[in-house]
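For reference, the structure discussed in these notes is given below.
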């Protein structure tokens, strides 16, 4: 896989399933990854990430996603589909991620390809733990990230 790739986990670890993106990026980071893949725990940050996300070949965003589907549903969106995913925001960081992507585009420094991978949350309340339902889907989410990275690698070959 050529080019710069970032796997960005976002969310709030204090709000139950809202911490899913962070938990997933921590798990992905423990895997053997190509040298050009960087994992970032974005937490609830937004524009602080601008420099880290400029001119990437690909950006994979991991997050809890309010898709209107049943809790525990795995969601994958890409490129132009992503802004709509943040229209039903669950937390302030999601609005910020949408703005961040728009700012990168305005500057002409947007990633060449963006994929959002997430899960419809089951529990959004003060808690340091993921719900059993979302925790059970997390391995599928991590496997999807691995498949995305493999597809990017095959496309670049």
Legend entry - Matching option when the condition is closer than 23 Å to residue 139 by Cα, surrounded by 15 or more Cβ atoms within 10 Å (Cβ to Cβ) and touching a strand residue (DSSP E or B) at 6+ places or on another chain (Cβ under 9 Å), among 18, 78: 18
Inset, instruction - Look through the range 32-72, keep the residues that are more than 22 Å from residue 153 (Cα to Cα) and touching a residue at least 60 places away in the same chain (Cβ under 8 Å), and return whichever of them is farthest from the chain's Cα centre (by Cα). - result: 71
Legend entry - Options 56, 60; residue that is part of a loop (DSSP other than H, G, I, E, B), modelled with pLDDT of 95 or more, touching a strand residue (DSSP E or B) at 6+ places or on another chain (Cβ under 7 Å) and over 8 Å from residue 9 (Cα atoms): 56
Inset, instruction - Assess whether residue 82 counts as being at pLDDT 95 or above and not in a loop (DSSP other than H, G, I, E, B). - result: no
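The values are calculated or read from the model by the stated rules, or taken from the named source; none is laboratory data. Note that this is a predicted model, so its numbers are computed, not measured. Cβ coordinates were reconstructed from backbone atoms using ideal geometry, including for glycine residues, and neighbour counts include every protein chain displayed.
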